[in-house]
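First comes the structure, then the notes that go with it.
The values are calculated or read from the model by the stated rules, or taken from the named source; none is laboratory data. Note that the structure is a prediction, hence the values are computed from the model and not measured. Virtual Cβ from ideal backbone geometry, glycine too; neighbours counted across all protein chains shown. Note: accessible area is taken over every heavy atom of the protein model, side chains too, but ligands, DNA and RNA are not part of it. Shrake-Rupley method; radii C 1.70, N 1.55, O 1.52, S 1.80 Å.
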Amino acid sequence: MRVLVTGASGFVGRALVEELRHGGRAYDVHPLERRDGDLADEGVAEQAIAETEPDVVVHSAARIGIVRCEDEPLLALRSNVLATLLVARAAARQGVRLAYVSTADVYGADEEAAPASLYALTKLWGEQVVVQYAPQGLVILRLANPYGPGSRGALPTMLRQAATGEPVPAFRGERRSWLWIGDVARAIRLVLESGEEGIFDVASDQPAVALTEVARLACELAGASPDLVEEHDPPPGRVVPRVDVDRLRALGWRPEIGLEEGLRLTLESLQAPAAI
């Protein structure tokens with residue numbers, strides 16, 4: 001299987017390239033990074049697909065994060081909607097299967113599409129675009145709370161704060177399940193290998209953990225006082241989406257890295273000396 005991965009220098013894309021090259025089977029993987037061209041520019045996606053002749057395109061390139069999208073809404077629309085449209089159109093024109101990396105944030109509390117942020121809204125529009133332009137063999141992968149080295153989310157932030165002795169804010173009463181990036185990449189590989197179509201939730205099947213508990217665990221691993229944890233009321237409108245991983249389980253997938261081990265590995269990556 002020949003695979004073109006967009007966003008290959010990003011958090012998810014980088015892990016997926018590694019998994020496809022070295023996990024289970026070795027595939028012919030073509031990473032497409034931002035330095036290779038802006039996918040929101042006409043012709044970039046067409047040229048990349050024509051040159052690599054992939055069996056499947058995994059489109060993971062995106063503008064990620066609620067705050068980053070709110071700060072630059074036009075860039076969010078360009079990256080998450082326009083670029084996705086051009087990739088989907090190019091894939092369909094050349095008869096190539098598409099796998100679109102989305103987010104579980106598109107869900108509301110009842111497993112219905114009800115995005116609560118501009119970021120989630122642009123990813124939902126991206127889903128609608130790929131359904132419109134590249135429906136043949138389409139896979140939509142809705143990722144929920146991936147974390148690990150290189151991520152910018154809550155868990156690495158808590159670890160950095162604890163390691164430097166800063167206050168570690170955590171929303172009171174909020175519980176989430178987190179998924180190690182290696183387990184995310186392995187799940188995507190299994191979906192691609194299965195040949196199945198449709199929507200897959202890529203999420204942990206472990207019980208949700210309170211954010212305050214995660215913050216205290218981050219302090220413990222970093223050798224910091226749990227007194228650094230500061231509990232705050234969550235802002236209005238925050239929703240913890242409900243996900244269903246039954247389709248992944250049916251492919252034989254199970255998470256391999258638990259939260260404590262994943263946090264430890266992430267902390268080690270943060271403390272490792274930078275490469276020269």
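Results, tabulated for the structure shown:
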| quantity | calculated |
| --- | --- |
| Helix-only [θ]222 nm of the chain, DSSP H runs n ≥ 4, -39500 (n - 2.57) each, per residue, nearest 500 | -12000 deg cm²/dmol |
| Carbon + sulfur, % of accessible area of the chain - ligands and nucleic acids excluded, 1.4 Å | 50 percent |
| Surface accessible to a 1.4 Å probe, per residue, for the residues of the chain, Å² | 48 Å² |
| For Arg142, distant residues with modelled amide H under 5 Å away | Ser102, Phe200, Asp201, Val202 |
| Karplus-derived 3J(HN,Hα), 6.51/-1.76/1.60, for each residue of segment 80-96, Hz, glycine and proline x | 9, 10, 4, 4, 5, 4, 5, 5, 4, 5, 5, 4, 5, 4, 9, x, 10 |
| Long-range Cα-Cα pairs in segment 85-206 (distance over 26 Å), rounded percent | 30 percent |
| Residue order for Trp253, Trp180 - accessible surface, 1.4 angstrom probe, largest first | Trp180, Trp253 |
| Segment Gln136-Arg25, extension gain: residue separation times 0.36 nm, minus the distance between their alpha carbons | 37.5 nm |
| Heavy-atom accessible area ranking, 1.4 Å probe, most first, across Phe171, Phe200 | Phe171, Phe200 |
| Accessible surface ranking that places the most exposed of Arg25, Arg254 first, with a 1.4 angstrom probe | Arg25, Arg254 |
| Radius, Kirkwood style, for segment 119-276 when every pair of distinct Cα atoms is counted (Å) | 17.2 Å |
| Accessible area of Trp125 in the full protein assembly, 1.4 Å probe (Å², nearest 10) | 90 Å² |
| Exposure of Arg249 as accessible area (Å², to 10), given a probe of 1.4 Å and all protein chains | 80 Å² |
| Label of the coordinate-derived value, Rg and Dmax of the Cα atoms in Å, listed as (i) 19.7, 66; (ii) 21.4, 64; (iii) 18.6, 57 | (iii) |
| Under-5 Å amide H pairs with His30, H placed in peptide plane, nonlocal only | Val3, Leu4, Val5 |
| Derived scalar couplings ³J(HN,Hα) [segment 166-171; Karplus, 6.51 cos²θ - 1.76 cosθ + 1.60; whole Hz; x for Gly, Pro] | 7, x, 10, x, 8, 6 |
| Between segment 38-105 and segment 166-206, the alpha-carbon center distance in angstrom | 21 Å |
| Nearest-ten-degree value, helix 181-194 long axis tilted from longest Cα axis of the chain | 30 degrees |
| Residue-by-residue Karplus 3J(HN,Hα) for segment 249-265, coefficients 6.51, -1.76, 1.60, Hz, glycine and proline x | 4, 5, 8, x, 7, 9, x, 10, 10, x, 4, 5, 5, x, 5, 4, 5 |
| Amide H contacts of Tyr107 (H built 1.01 Å from N, under 5 Å, at least 5 apart or other chain) | Ala114 |
| Alpha-carbon centroid distance for the pair segment 217-267 / segment 8-22, whole angstrom | 21 Å |
| Sites excluded, GluC sites (Glu not before Pro) in DSSP loops with at most 12 other C-beta within 10 Å, longest stretch of the chain | 113-255 |
